[in-house]
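The structure appears right after this line, and notes come after that.
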Amino acid sequence: MSVLRKENHLSQSSFGALVTTDRLLKSKNTKMKTTALTAVHESLGAKMIPFAGYNMPVSYEGLIAEHHCVRNGVGVFDVSHMGEFMVKGKGALDLIQWISSNDASKLTPGKVQYSCMPNATGGVVDDLLIYCLAEDAFLLVVNASNIEKDWNWIQSQNRFDAVLEDISENTSLLAVQGPKAIAALQSLTDLNLADMKYYTFDKGVFAGIPNVIVSATGYTGSGGFEIYVDNASAKEVWDAVFAAGAPYDIKPIGLGARDTLRLEKGFCLYGNDIDDTTSPLEAGLGWITKFTKDFVNSDALQAQKEAGVTQKLVGFELVDKGIPRHDYPIVNVDGQPIGRVTSGTMSPSLGKAIGLGYVAVASADVDSEIYIQVRNKSLKAKVVKIPFLK
Amino acid sequence: MQVPTELKFTKDHEWVSIDGDIATIGITDFAQGELGDIVFVEIETLDETLDQEEVFGSIEAVKTVSDLFMPVGGEIIEVNEEIDGSPDVINEDPYGKGWLIKVKVSDVSQFDTLLDAEAYKELIGA
């Protein structure tokens, strides 16, 4: 039972932002994990939701205002629910090369790589970031919903004697995102933020705290940094970021805007656009699938690449009025099923209804006419280039 | 959280303003707050006569979609045209400019099935 009786299939979406009344009322009595900043979010009046087992802020002043704040200014996400694994020792690189599809041998200390972990059956265990801390030390950052699954999977593949440590529970992560992020944060550190290239990081003193990882990465496509600190320092760093960012109107941003921001840039969300059954090649992740090395299921994926995929993840925008949602069916002009929607929203920046979905290759070219089945109607849509927002 | 005492309510978080056999219907302050930024309202039932509890449209926030249910049965005689161009008025003024439909009620005794403000407050824990 929902706010106005939500449709059942929507409440099964992996993204937790589908707030329901009952859930809200009950959530006070159920045991959820917290981050080091949960009390801060509550004191700011955030709307809290259960997400991947954590009690997380979905919005503060409102999703659309928060979205524009990140696109045009600077905003801060608490994404401490994300998982972090240390991989160290002589076998560290060999293990990472085996479990991940991208070529981690290209990494040097201070570099970050986006990658995915294929499973043995053609799908994806998770997508992740790989930080090269030293030649034989790496930090893997994984999705909150997959921490346990990933940990078990990586351990099961560790015939290289790499030393693994799950530091998720002790690590807080702030994502400070937006075009004003450099200006907002520079006074807090001697690290030169303007010179930090995309997908690189540095370790140093930040807001008076030593050994903080400051990484020029993020999930918004608007620039900015991700800051990894121990839980014990999280509140201090959060407060310092808001004090330093005050002249730039820095604001807290919830997971709702995180989803619209990433979708406008066409970034995949695990559990929606990719999962245990989707091929990285079908998902458009061929650019991080390197057949220059052996990795889990690489033979089968290479065969798939040579044979050609039968479906592809594409971006589309609605021509008719409506909003596409996760799991809505996609049909062709003749009404034949050709795929399904994996993510959809009303884009706050573009003012258009946009989505990602898998379609048969015959309908995957830009400008292909497709139809989204929204409840009892077929709404016209067309395939467009990703990212939706340049 | 506003719950005006002169209105009636449903468990589906709609409000009803009664004037003779004409009911004006919208969603409550609580509902708009839970939904978040409303971006699209679809009501294609103008001039149709629907029973109590039947779906008369849908309302979409950025992340959610919800059906809209008839609090009482009757003919939909007017749809608020302003919400087509700027559905955000539902967030800003749910009991005023953000009204959704006017209904010529078939059976005014159905008004007795609605909740008063006190009962609705209890439902939402306000």
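Laid out as a table, the results:
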{"item": "Candidate aspartates and glutamates for bridging to A:Lys197, where Cα separation is under 16 Å - those fewer than 8 sequence places away on the same chain excluded", "result": "A:Glu226"}
{"item": "Volume in Å³ per residue [convex hull over Cα atoms, computed for chain A]", "result": "137"}
{"item": "Estimated D of the range B:1-98 in µm² per second, where Rh is the Kirkwood radius over Cα pairs and Stokes-Einstein applies at 10 °C, 1.306 mPa s", "result": "117"}
{"item": "Hull volume in cubic angstrom per residue (convex hull over the Cα atoms of the range A:297-390)", "result": "112"}
{"item": "Fewest-first sequence of A:Val163, B:Val72, A:Val383 by Cβ atoms within 10 Å of each Cβ", "result": "A:Val163, A:Val383, B:Val72"}
{"item": "Highest-first arrangement of A:175-186, A:357-368, B:51-62, where packing means the average Cβ count within 10 Å", "result": "A:175-186, B:51-62, A:357-368"}
{"item": "Violating pairs (Cα-Cα greater than 30 angstrom) within the set A:Lys352/B:Lys97; A:Lys47/B:Lys97; A:Lys180/A:Lys290", "result": "A:Lys180/A:Lys290"}
{"item": "FRET efficiency for A:Ser105 and B:Asp19, using Cβ-Cβ distance with R0 set to 60 Å, rounded to 0.05", "result": "0.20"}
{"item": "Set of lysines near B:Lys104 by C-alpha distance (under 22 Å), chain-local residues within fewer than 8 positions excluded", "result": "B:Lys8, B:Lys11"}
{"item": "Residue-averaged beta-carbon neighbours from other chains (10 angstrom radius) around A:60-68", "result": "3"}
{"item": "Residues A:Lys33, A:Lys106 arranged by fewest to most Cβ contacts within 10 Å", "result": "A:Lys106, A:Lys33"}
{"item": "Residue mean of other protein chain beta carbons inside 10 Å, A:314-326", "result": "2"}
{"item": "Length-normalised contact order for the range A:179-278 - Cα pairs under 8 Å, 6+ apart - percent", "result": "25"}
{"item": "Normalised contact order of chain A, rounded percent, pairs of Cα under 8 Å and 6 or more residues apart", "result": "17"}
{"item": "B:Asp112-A:Asn152 pseudo-label distance in nm [points 7 Å out on the Cα-to-Cβ vector]", "result": "5.8"}
{"item": "Peptides A:331-338, B:4-11 ordered by average Cβ neighbours within 10 Å, highest first", "result": "B:4-11, A:331-338"}
{"item": "Selected from A:Gly110, A:Ala120, A:Gln97, residue furthest toward positive end of dipole (the range A:91-149; charges at beta carbon)", "result": "A:Gly110"}
{"item": "Phi-based couplings in Hz for the range A:378-390 (Karplus 6.51, -1.76, 1.60; Gly and Pro marked x)", "result": "9, 9, 5, 9, 10, 6, 10, 6, 9, x, 5, 10, 6"}
{"item": "Spatially proximal aspartates and glutamates relative to A:Lys293 (Cα-Cα < 17 Å; intrachain offsets below 8 disregarded)", "result": "A:Asp94, A:Asp103, A:Glu306"}
{"item": "Relative contact order (percent, whole number), the range A:83-168, Cα cutoff 8 Å, 6+ residue spacing", "result": "43"}
{"item": "Among the listed pairs A:Lys90/A:Lys265; A:Lys265/A:Lys377; A:Lys90/A:Lys312; A:Lys111/A:Lys382, those beyond 32 Å (Cα-Cα)", "result": "A:Lys90/A:Lys265; A:Lys90/A:Lys312; A:Lys111/A:Lys382"}
{"item": "Alpha-carbon gyration tensor eigenvalues x 5, square-rooted, for the range A:83-168, Å", "result": "17, 13, 13"}
{"item": "By average C-beta atoms within 10 angstrom, highest first, the peptides A:139-148, A:194-203, A:72-81", "result": "A:72-81, A:139-148, A:194-203"}
{"item": "Shielding by other protein chains, B:29-36, mean Cβ within 10 Å", "result": "4"}
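We did not get these values from a lab; they are worked out from the coordinates using the rules stated. Everything numeric here is computed off the predicted structure, so don't read it as measured data. Backbone-built Cβ (ideal geometry, glycine too); neighbour counts: all protein chains shown.
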